[in-house]
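I have placed the structure first, in the form of structure tokens, so that the comments after it can refer back to it.
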């Protein structure tokens, strides 16, 4: 998946793991990463995508998961 690879290349120090398929991705962030600012960076960088991307984002030390849709 090109999008998955791009995420890992662009954010190597913030992302621990990216899993999923063409419908949705689960992203686990390093605990020191601020999820709100990370989501803002994602929305800024990946806008006007040809296919919407559903992302479930969580920090490694938190139980909460945030769902976002990049369009």
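Quick one: count up the residues across the range 12-71 that are touching a strand residue (DSSP E or B) at 6+ places or on another chain (Cβ under 8 Å), loosely packed, with under 12 Cβ neighbours inside 10 Å and farther than 19 Å from residue 2 by Cα. Within the range 12-71, residues that are touching a strand residue (DSSP E or B) at 6+ places or on another chain (Cβ under 8 Å), loosely packed, with under 12 Cβ neighbours inside 10 Å and farther than 19 Å from residue 2 by Cα number 3.
Within the range 16-44, residues that are touching a residue at least 24 places away in the same chain (Cβ under 8 Å) reach partners that are buried (at least 16 other Cβ atoms within 10 Å of the Cβ) and assigned to a loop (DSSP other than H, G, I, E, B) with beta carbons closer than 7 Å, at six or more positions or on different chains, in the pairs 29/14; 30/14; 33/14; 38/14.
Coordinate-derived values only; no laboratory data. Being a predicted model, the structure only gives us computed values, none of them experimental. Reconstructed Cβ throughout: ideal geometry from the backbone, glycine too, with neighbour counts over all protein chains shown.
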